[in-house]
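The values are calculated or read from the model by the stated rules, or taken from the named source; none is laboratory data. Predicted, not measured: the structure shown is a model, and the values here were computed from it. Here Cβ is always computed from backbone atoms with ideal geometry, including for glycine, and neighbour counts include all displayed protein chains. Only protein heavy atoms, including side chains, enter the accessible area calculation; ligands, DNA and RNA are left aside. Shrake-Rupley method; radii C 1.70, N 1.55, O 1.52, S 1.80 Å.
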Amino acid sequence: MTDTPHPDTVLIVDFGSQVTQLIARRIREAGVYCELVPFQSAEEAFRRMRPKAVILSGGPASTHEAGSPRAPQIVFEAGIPVLGICYGQMTMCVQMGGEAKGSDHREFGRAFVQVEKDCPLLDGLWTVGQRHQVWMSHGDRVISLPPGFEVIGRSEGAPFAMFGNVAKKMYGVMFHPEVVHTPDGAKLLRNFVHKVAGIESDWTMSAYRASMVEQIRRQVGKGRVICALSGGVDSSVAALLIHEAIGDQLTCILVDHGLMRKDEASNVVAMFREHYNLPLILVDASDRFISALEGESDPEKKRKTIGRLFIEVFEEEAEKLAKDGERADFLAQGTLYPDVIESVSFSGGPSVTIKSHHNVGGLPERMRMQLVEPLRELFKDEVRALGRELGLPASFIGRHPFPGPGLAIRCPGGVTREKLDILREADAIYLEEIRKAGLYDAIWQAFAVLLPVQTVGVMGDGRTYEYVCALRAVTSVDGMTADFYHYDMGFLGATATRIINEVKGINRVVYDVTSKPPGTIEWE
């Protein structure tokens, strides 16, 4: 992450749980800096970061299986606090001399843990004899504890649901404290970092801003930076932070790829040129992008085509600047921490493709530029907090996320100019109705999708054969999990009527009520 380790860092070792990112979120919410790494690279990260505490995540493996993952042994020998969660508890137990095995009594979902012994992990939270709701997800269980450890709590299916060695500041819990279904879980994690590890709440956006400004100055020196400005919150916050650090050494480039929302490009130019006085170049590359995408139906090929064309456009703009004596040495972009995590997925599974349009792993060698990514340590809600710290207006900070591939991934099936125009108009009406109803800030993300199907409809005295438009709205904090927004049917009816009446090419509107559990790829 940064050039120098944070002085008070928690290292989270990822064993592949779907909810591991939520551990990081809870630790950050406690005002403590943390980093999440796959177990394969945990030892290198441990030596680099010199963390004050370690958390071992859950995962799908079983410790009794041959080749199942393990934590670096140095974690248990360093004399620092360790918390094992679910699989993390199992591997801690086994690696320190206890025993775990598969069990016929599995626990998935809500369960209750009874506290057997007081300890700093539960200080001010749970007391002996009380039963507390938790969220379990395990088929294995501990059957004997390592030397020096004792039972802290038990459940019906897990007699060692919580154990610990108070002297060594090591604890294991069979349940998942990071999920909301464990009501006091966030408090338990706060107890671990504050009362067990003794780390103070010094992870603030004000401190991050000052630290990152200095880091950008050290990295860039007297070089020049071009910033990929999309108009979204991430790239905008990145641009303002870099501009604060190096001033006119920064040039922002907005690529209008023809996949933006209605009037997006002109609104972004007006805001950043007139209000913030940032050097900004607008490149109209819409014909180039749409021509390359036309007829393409594979969503991953769409993403990679868009990513490739972005690189080509920035190469060309960098060459133009070089001819004017302003050669760019760095390319800045708004990469976030979830992008980084997903790009080094533990499993090599589907999450590897989620951020395939980002240059998380670096730029092509031919570009001869380095990446500047001042937000790569932050989650989405932290970026919004940094935006407030930088003085961005609340209306802008609260904007719904709009991924880089834009309307291309909201137009499943083949992309055409006609379909993009239809979708753009429907999307604009949808967002306008949400704002009029006062619902925009209650929703994390809302957008329209033009489905690759056409249906027969009767409009007036004639038959139509036009597209189906799907509307989506979800609630979330950081996009890792999401649930659909529960609209009033009156709102949906009025919005659908407007879209059908005003957008030629759509004769039916449906509402998408799917949720996004952890680890799923976004709607395409």
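Sort out which residues of region 10-26 are out of contact with any Ser or Thr (no Cβ under 7 Å at 6 or more places or on another chain) and modelled with pLDDT of 95 or more, and write them in order of number. Correct list: Val10, Leu11.
Screening Lys195, Lys168 for residues that are within 14 Å of Leu83 (Cα to Cα), touching a helix residue (DSSP H, G or I) at 6+ places or on another chain (Cβ under 9 Å), open to solvent by 10 Å² or more (accessible area, probe 1.4 Å) and not in a loop (DSSP other than H, G, I, E, B) leaves exactly one candidate, Lys195. If the condition is being assigned to a helix (DSSP H, G or I) and hydrophobic (A, V, I, L, M, F, W, C), then region 199-230 contributes Met205, Ala207, Ala210, Met212, Val213, Ile216, Val220. Taking the listed residues Asp256, Asp234, Asp287, the one that is within 24 Å of the chain's Cα centre (by Cα) and of a type in the set (Asp, Glu) is Asp234, with no other qualifying. Of all residues in region 127-163, those satisfying the criterion of being open to solvent by 10 Å² or more (accessible area, probe 1.4 Å) and in a loop (DSSP other than H, G, I, E, B) are Thr127, Val128, Gly129, Gln130, Leu145, Pro147, Gly148, Phe149, Ser155, Glu156, Pro159, Phe160. Within region 392-421, the set of residues being open to solvent by 30 Å² or more (accessible area, probe 1.4 Å), in a loop (DSSP other than H, G, I, E, B) and in contact (Cβ under 8 Å) with a residue 24 or more places away in the chain comprises Arg399, Phe402, Gly404, Thr416. Which residues, counting only those in region 311-330, are at pLDDT below 90 and closer than 15 Å to Ser230 by Cα? Ile311, Phe314 - these are the residues of region 311-330 that are at pLDDT below 90 and closer than 15 Å to Ser230 by Cα.
In the set Phe314, Phe310, Phe272, only one residue is of a type outside the set (Val, Ile, Thr), open to solvent by 50 Å² or more (accessible area, probe 1.4 Å), in a helix (DSSP H, G or I) and in contact (Cβ under 8 Å) with a residue 40 or more places away in the chain; that residue is Phe310. Of all residues in region 28-56 being in contact (Cβ under 8 Å) with a residue 40 or more places away in the chain and in a helix (DSSP H, G or I), which is surrounded by the fewest Cβ atoms within 10 Å (Cβ to Cβ)? It comes out as Gln40. Does Gln89 satisfy the criteria of being farther than 16 Å from Val10 by Cβ and part of a helix (DSSP H, G or I)? Criteria met by Gln89. Among the criteria (1) of a type in the set (A, V, I, L, M, F, W, C); (2) open to solvent by less than 30 Å² (accessible area, probe 1.4 Å); (3) within 19 Å of Phe396 (Cβ to Cβ); (4) touching a strand residue (DSSP E or B) at 6+ places or on another chain (Cβ under 6 Å), the one Leu336 does not fulfil is (4). Of the residues making up region 275-295, those that are within 24 Å of Gly413 (Cα to Cα), of a type outside the set (Val, Ile, Thr) and surrounded by 15 or more Cβ atoms within 10 Å (Cβ to Cβ) are Ala285, Ser286, Arg288, Phe289, Ala292, Leu293. Val180: within 34 Å of the chain's Cα centre (by Cα), under 20 Å from Val32 (Cα atoms) and open to solvent by 60 Å² or more (accessible area, probe 1.4 Å), yes or no? When the stated conditions are applied, Val180 passes them. Pairs meeting the criteria (first residue in region 188-206 and at negative phi and of a type in the set (A, V, I, L, M, F, W, C), second residue open to solvent by 60 Å² or more (accessible area, probe 1.4 Å) and in a loop (DSSP other than H, G, I, E, B), beta carbons under 7 Å, at least 6 apart or on different chains) are Val196/Lys169; Ala197/Lys52; Ile199/Lys52.
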